[in-house]
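Read through the structure below, which is laid out as structure tokens, and then see the notes.
The values are calculated or read from the model by the stated rules, or taken from the named source; none is laboratory data. Keep in mind that what you see is a predicted model, and the values were worked out from it rather than measured. Reconstructed Cβ throughout: ideal geometry from the backbone, glycine too, with neighbour counts over all protein chains shown. Accessible surface areas use protein heavy atoms only, side chains included; no ligands, DNA or RNA. Shrake-Rupley method; radii C 1.70, N 1.55, O 1.52, S 1.80 Å.
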Amino acid sequence: MFSTSPAFKENAHKAIADVGLQKALTRTKPHFQGRRAKAVEGLPEFERLRDIGRDIKNHTLANLDFYLETWAGNVERAGGQVHWCATADDARAAVLAICERVGAKTVTKGKSMISEELAINEHLEQHGITPVETDLGEYILQLRREPPSHIIAPAFHLNREDWEESFRRAHTDLAPDRVFRERRDILTEARAKLRARFLAADVGITGANFLIAETGSSVIVTNEGNGDLTQTLPRVHIVLASIEKMVPTLEDATNMLRLLARSATGQDFSVYTTFSTGVRREGDLDGPEEYHVILLDNGRSAMLGTEFQDMLRCIRCAACMNHCPVYGVVGGHAYGWVYPGPMGAVLTPTLIGVDQAGNLPNASTFCGKCESVCPVKIPLPKMMRHWREREFERHLTPSAVRTNLALWGFFARRPGLYRFATRIGAGVLGWLGRKRGRLSRLPFAGGWTAGRDLPTPEGKTFFARYASEQRRQRGAS
Amino acid sequence: MLQASPRVALFVTCLVDLHRPTVGFAAIRLLEQAGCQVEVPRAQTCCGQPAYNSGDREIARDLGRSILEAFGGYDYVVVPSGSCGGMLRHHLPTLFDDDPNLRARAEALAERTHELVSFLTDVMGLERVAGAASGSVTYHDSCSGLRELGVKAQPRRLLEGLGLTIKEMADPEVCCGFGGTFCVKYPEISTRMVADKTADITASGAETLLAGDLGCLLNMAGRLKREGSAVKVRHVAEVLAGMTGAVPPIGEAG
């Protein structure tokens, strides 16, 4: 996918001025934060479950080679095929090769962030194959040719009027004066449109929420059931999964599932949870004739053993972005690539380079809310800071910032000189603000004063006053 | 065992030093009232967060080393800020991962370091502070104090003990958008965040906004004053120490 991450600031500027987006973002609190809080409240062992989730993932990552091989062996024993793909190019080629070999014309797709990472729709279209998104949110984004703005609610940036407008524009065979009375009417229309596409599809592509080593299974969760139709109706099922989706056992997967829906949507469990193991066996009522897993690395194995390894615990629940005050202001598109919010701020620099995505880990107040709601306790602020360190080491930090830091560091390391400088600074600012106690404008502080006043200092520094008080007390005694 | 009169070093913080010395004096008064002997080591400037959070570990380590020198010999180190307190308590040791000696010293310091209000209640066992006050306040839970140090109920308990009414704002735990250098690196986002915050503050109907971190307070006061709000903004220590007469509210002239 093409990245606009370097333009984060401009993206954010547009997002803040976008009335429709701002309206959509007001749903974050009731829709995500409130529901998660309620779900967590209803499960007394939730905090302990977070530790269990973290430990399962840590154990898996520490033994990832073993679990990947075990899993791959079990996939093959069940009649499936694993395509080991080091890069996004490898993965695109592998998907296309399967589709071309079976003569696919239409490919249905369940929601998958890996497919966004691969920009697989564009790739298939370039080769004459029609991809059809079947998740409702992804479906409308395909109609509008927009990328997702959220990892579990891809069309979160849209309002109901956008839906109606897009449906009228796309579904020209239906009565133009039809009325959408409620959300269900939109759903019904999409369902009718998609039903024919499900039946016509030659290949179904889904993502995977988890891969299970002991059985060779892949797991998806959906609320619409579209994933099941995508993967059971066509002859060929392709799973797109990255290496960190692995968990050792079915029991581990169950623990992770207990965390996932609660953290994501505040449901106890998603409406559909589907385990897929290999191809249709004799006597099975349904299932594909071919089962392929495109196993993507794309830079992830290079995170193992580094300060970013913990990021590979992520189960893509979106709790971090749902609770992030920065995401809440700018929305997902501003981040400029596939993964927005705090998890994106850590993952994106790994996948497209910190030179491209350096703004993302900087655009955080380190308020720590993300880490406090992460179901697998990923220290997201800490890793954003590590990215800032890498930037600094590689001299990617803007030169004005470096100069200011160096100047400040020079004084801060010399307390005597620092006292002298702060005494002057506090005095001058205090004098400037003597009438109102604040300034509305100050040279070089336009960033601060554009939207707020600058309260001015009392005038004397603490250390100046403290020294004179000490002298006075000594004189008095 | 808690010593009868522990020796406490005050870590003033660079913002209190530069901007609002009264908070430092309020901290000294509160600590002395609680029975501490307070000293203010001279060789202190800043906890190092501006460098640490900008990826410059070298400056952060240098400042960290001088903090270890200046604050090594006390029973406790007390900070009138959750943010700087969090830096000393949780982050300073990680700067010395490659030096076991400094790391051990930093960990020892971290264990003795506390944010001011939680030190008074949780370590000194204070149930209430001297004096009385009236009126309504709303309390913003600054992020580091809340999430790194668990400061939440302590200031509210002491404020209510003074006779103040707490009118909670809609979401006191959401970040105000200050974020250190964030507020000048991403001013537009920061301004939107603080505008959301001040809307909640105004809706609370409280006369005064309090918090335990000067950075957040300057941000929120700056926005409230720009909006023409009459809400008064103060550091919690000024109110607890009964020193509101010593200095006008933040962003207002005397």
Which values of log₁₀ I(q)/I(0), to two decimal places, follow from the Debye formula for the stretch B:110-254 at q = 0.22 Å⁻¹ with a uniform point scatterer at every Cα?
-1.48
Rounded to the nearest 100 Å², the accessible area hidden between B and A, summed over both chains at a 1.4 Å probe radius, is 5500
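Rank-order A:465-471, B:22-28 by packing density, defined as the average count of other C-beta atoms within 10 Å over each peptide's residues, highest first. Walk me through the numbers on the way to the answer.
On the way: A:465-471: 13.6, B:22-28: 26.1.
Descending packing order for the listed peptides: B:22-28, A:465-471.
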Placing unit charges on C-beta atoms (Lys and Arg positive, Asp and Glu negative, everything else neutral), compute the dipole magnitude of the stretch A:164-253 about its Cα centre in debye, rounded to 20.
440
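Given a Förster distance of 41 angstrom, what is the FRET efficiency for A:Ser399 paired with A:Gln309, based on the Cβ-Cβ distance and rounded to 0.05?
Details: r = 32 Å, r/R0 = 0.77.
So the FRET efficiency works out to roughly 0.85.
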Apply the Karplus parameterisation 6.51 cos²θ - 1.76 cosθ + 1.60, with θ equal to phi minus 60°, to every residue of the stretch B:243-251 and state each ³J(HN,Hα) to the nearest whole Hz, in sequence, with x for glycine and proline.
10, 5, x, 7, 7, x, x, 4, x
Running a GNM on chain B with Cα contacts under 10 Å, which residue among B:Asp98, B:Asp17, B:Asp75 ends up with the highest mean-square fluctuation?
B:Asp98
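How much length is gained if the chain between B:Thr165 and B:Glu207 is pulled fully straight, taking 0.36 nm per residue apart and subtracting their Cα-Cα distance, in nm to one decimal?
Stretched out fully, the B:Thr165 to B:Glu207 stretch lengthens by 14.1 nm.
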Taking amide hydrogens as modeled 1.01 Å from N in the peptide plane, which residues meet the under 5 Å criterion relative to A:Val82, leaving out close sequence neighbours?
A:Val293
Within the accessible area of the stretch A:191-268, what % is carbon and sulfur when the probe is 1.4 Å and the other protein chains stay in place?
49
Rg in Å to one decimal, and Dmax rounded to a whole Å, for chain B via C-alpha atoms
17.7, 53
Peptides ranked, highest mean first, by Cβ atoms within 10 Å: ranges A:205-217, B:166-178, A:408-420
A:205-217, B:166-178, A:408-420
For the stretch A:366-402 and the stretch A:9-42, write down the distance between their C-alpha centroids in whole Å.
22
How about the stretch A:1-87: which chymotrypsin sites (Phe, Trp or Tyr not before Pro) there are in a DSSP loop, with at most 14 other Cβ atoms within 10 Å of their Cβ?
A:Phe2
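Given just the C-alpha atoms of the protein assembly as shown, how large is their convex hull per residue in cubic angstrom? All intermediate terms of the calculation are to be shown ahead of the outcome.
On the way: hull volume 124.9 nm³, N = 731.
Measuring per residue, one finds 171 Å³ for the Cα hull of the protein assembly as shown.
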Of the cross-linked pairs A:Lys245/A:Lys377; A:Lys460/B:Lys225; A:Lys29/A:Lys369; A:Lys29/B:Lys152, which ones have a Cα-Cα span greater than 18 Å in the structure shown?
A:Lys460/B:Lys225; A:Lys29/B:Lys152
Set Lys and Arg Cβ to +1 and Asp and Glu Cβ to -1, take the dipole of the protein assembly as shown about its Cα centre, and tell me which of B:Val231, A:Ala97, B:Gly145 lies farthest positive.
B:Val231
Check each residue of the stretch A:328-365 and keep those whose accessible area, probe 1.4 Å, is at least 30 Å² smaller with all protein chains in place than in the chain alone; give them in order of residue number.
A:Val329, A:Asn362, A:Thr365
With just the Cα atoms defining each centre, how far is the stretch A:339-365 from the stretch B:211-254? Give it in Å.
35
Out of A:Ile424, A:Thr397, A:Pro340 - ranked by how far each Cα lies towards the positive end of the dipole of the stretch A:331-433, with unit charges on the beta-carbon of charged residues - the top one is A:Ile424
Tell me, for chain A, which Cys residues have no other cysteine's C-beta sitting closer than 4.7 Å.
A:Cys85, A:Cys99, A:Cys314, A:Cys317, A:Cys324, A:Cys374
Per-residue HN-Hα couplings for the stretch B:142-157 [Karplus 6.51, -1.76, 1.60; θ = phi - 60°; Hz; x = Gly/Pro]
5, 4, 5, x, 5, 8, 9, 10, x, 8, 8, 7, 4, x, 5, 4
Under 18 Å from a point 7 Å along the Cα-to-Cβ line of A:His59: which residues of the stretch A:185-216 have their amide N that close?
A:210-216
Accessible area (Å², per residue) of chain A, counting only protein heavy atoms and a probe of 1.4 Å:
43
Work out from phi, with θ = phi - 60° and the Karplus expression 6.51 cos²θ - 1.76 cosθ + 1.60, the ³J(HN,Hα) of each residue of the stretch A:234-243, listed in order in whole Hz, and give x for Gly and Pro.
x, 6, 10, 10, 10, 9, 9, 8, 9, 4
